[in-house]
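Student: Before I ask anything, here is the structure I am working with.
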Amino acid sequence: MDKAIFVNGGAGRVMCAIPALEKHIKENPGSIVVSEAWGELFLTSPILRDKAYMPNTKNLFEEHLKDKEILSPEPYRLNAYYNQKCNLIQAFDMLINDCDGIPDSLELKMDIPKAQQVLGFNFLEEVKKNMRKEKTIVFQPFGSGAKLEGRFIIDSSGRSFELRDILKIIDELKEEYAVILMSTFKIPTDKNLGIVYPENMDLLAWLGIINAADKFLGCDSVGQHMAHALGKPAVVAIGATYPENI
């Protein structure tokens, strides 16, 4: 029976599900994906973009779900994952494709829409001109769970950089790079940091920006997965996460 595979969670988690979903759809073209979050990410996959639906899609049950088996893969509950024997991409592959044992990690690739490619290129060209730098780096210091509380940053997951380290890193980076901050909020400081803070950028726009940048630096969050999928040189600081899992 064809499946309707429900995918939820953070953007990085959704991205890591894509290779296993592509593998499944290739072998089972009658199956579909229901994206409970970050549906725009499926636009980067030529295999999935016409197979992915949002939960509020009109007539979803009657036309796409009624005759399918529902699957909601939960990699964090997989023994091999929480015992650090596989990464997130492998965990999704095991759950979605019924693998025997731990498979080789599938490749994550993202096909950025042309509009976002152009946006990223033009944005970075303007940044380099204004900052008078030849090289650019995207810096994502905060995890998705980080919150700004007054002048303090709280991240119960332990993934985010400490504020004092962020300020020190920026001072060193901007000697050589135009620094682009990837964050939903600004760094709480009265100091003029001399960095670029793009606002109102969705995930596809950030894909275009990271694609056009020279390097990426960040914590264990969505930016690292984007850099990996785009083959971008990256340095990732792992806090509260086992490296084997990512």
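The values are calculated or read from the model by the stated rules, or taken from the named source; none is laboratory data. Please read all numbers here as calculations on a predicted model, not as lab measurements. Ideal geometry is used to build each Cβ from the backbone, glycine not excepted, and the neighbour counts take in all protein chains shown. Accessible surface areas use protein heavy atoms only, side chains included; no ligands, DNA or RNA. Shrake-Rupley method; radii C 1.70, N 1.55, O 1.52, S 1.80 Å.
Student: If I go through region 120-143 residue by residue, how many of them are more than 16 Å from residue 207 (Cβ to Cβ) and of a type in the set (S, T, N, Q)?
Tutor: So the count comes out to 1.
Student: Looking only at region 202-219, filter to residues that are touching a helix residue (DSSP H, G or I) at 6+ places or on another chain (Cβ under 7 Å) and open to solvent by 40 Å² or more (accessible area, probe 1.4 Å); which one of those is farthest from residue 168 (Cα to Cα)?
Tutor: Initial filter on region 202-219 (touching a helix residue (DSSP H, G or I) at 6+ places or on another chain (Cβ under 7 Å)): 202-213, 216, 218.
Right, trim to open to solvent by 40 Å² or more (accessible area, probe 1.4 Å) and you get 202, 211.
Numbers: 202: 28, 211: 25 Å.
Among residues in region 202-219 that are touching a helix residue (DSSP H, G or I) at 6+ places or on another chain (Cβ under 7 Å) and open to solvent by 40 Å² or more (accessible area, probe 1.4 Å), the one farthest from residue 168 (Cα to Cα) is 202.
Student: If you go through region 1-57 one residue at a time, how many are of a type in the set (Phe, Trp, Tyr) and closer than 24 Å to residue 103 by Cα?
Tutor: Residues flagged as of a type in the set (Phe, Trp, Tyr) and closer than 24 Å to residue 103 by Cα within region 1-57 amount to 2.
Student: I need every pair where a residue in region 72-86 that is modelled with pLDDT of 95 or more has its Cβ under 8 Å from the Cβ of a residue that is of a type in the set (Asp, Glu), sequence separation at least 6 or different chains.
Tutor: Pairs that qualify, where the first residue is modelled with pLDDT of 95 or more and the partner is of a type in the set (Asp, Glu), are 84/244; 85/244; 86/244.
Student: Looking at 69, 74 in this structure, which one is closer than 22 Å to residue 3 by Cβ, under 20 Å from the mean Cα position of the chain (by Cα) and of a type outside the set (A, V, I, L, M)?
Tutor: On the way: 69 fails: under 20 Å from the mean Cα position of the chain (by Cα).
Answer to the selection: 74.
Student: Can you tell me which of 196, 222, 236 is without any contact (Cβ under 8 Å) to a residue 24 or more places away in the chain and surrounded by 16 or more Cβ atoms within 10 Å (Cβ to Cβ)?
Tutor: 236
Student: Can I ask one more? For the subset of region 41-58 comprising residues that are open to solvent by less than 80 Å² (accessible area, probe 1.4 Å) and among the polar types (S, T, N, Q), which member is farthest from the chain's Cα centre (by Cα)?
Tutor: 57
Student: Could you tell me which of the residues 151, 164, 159 is under 24 Å from residue 18 (Cβ atoms), charged (D, E, K, R) and either surrounded by fewer than 18 Cβ atoms within 10 Å (Cβ to Cβ) or under 21 Å from the mean Cα position of the chain (by Cα) (or both)?
Tutor: The match here is 159.
Student: Being open to solvent by 30 Å² or more (accessible area, probe 1.4 Å) and at pLDDT below 95 is the requirement here; does residue 100 meet it?
Tutor: Values: open to solvent by 30 Å² or more (accessible area, probe 1.4 Å): yes; at pLDDT below 95: yes.
The answer is yes for residue 100.
Student: Condition first: in contact with a Leu (Cβ under 7 Å, 6 or more places away or on another chain) and without any contact (Cβ under 8 Å) to a residue 60 or more places away in the chain. Now tell me which residues in region 23-60 satisfy that.
Tutor: Listed by number, the residues that qualify are 25, 33, 42, 48, 49, 53.
Student: Here's a follow-up. What are the residues in region 114-136 that are open to solvent by less than 40 Å² (accessible area, probe 1.4 Å) and either without any contact (Cβ under 8 Å) to a residue 24 or more places away in the chain or not in a helix (DSSP H, G or I) (or both), if any?
Tutor: 136
Student: A further question follows. Looking only at region 208-234, count how many residues are of a type in the set (A, V, I, L, M) and more than 15 Å from the chain's Cα centre (by Cα).
Tutor: Here the count works out to 2.
Student: Turning to a different aspect of this structure: Does region 20-38 include one or more residues that are closer than 21 Å to residue 245 by Cβ and assigned to a loop (DSSP other than H, G, I, E, B)?
Tutor: yes
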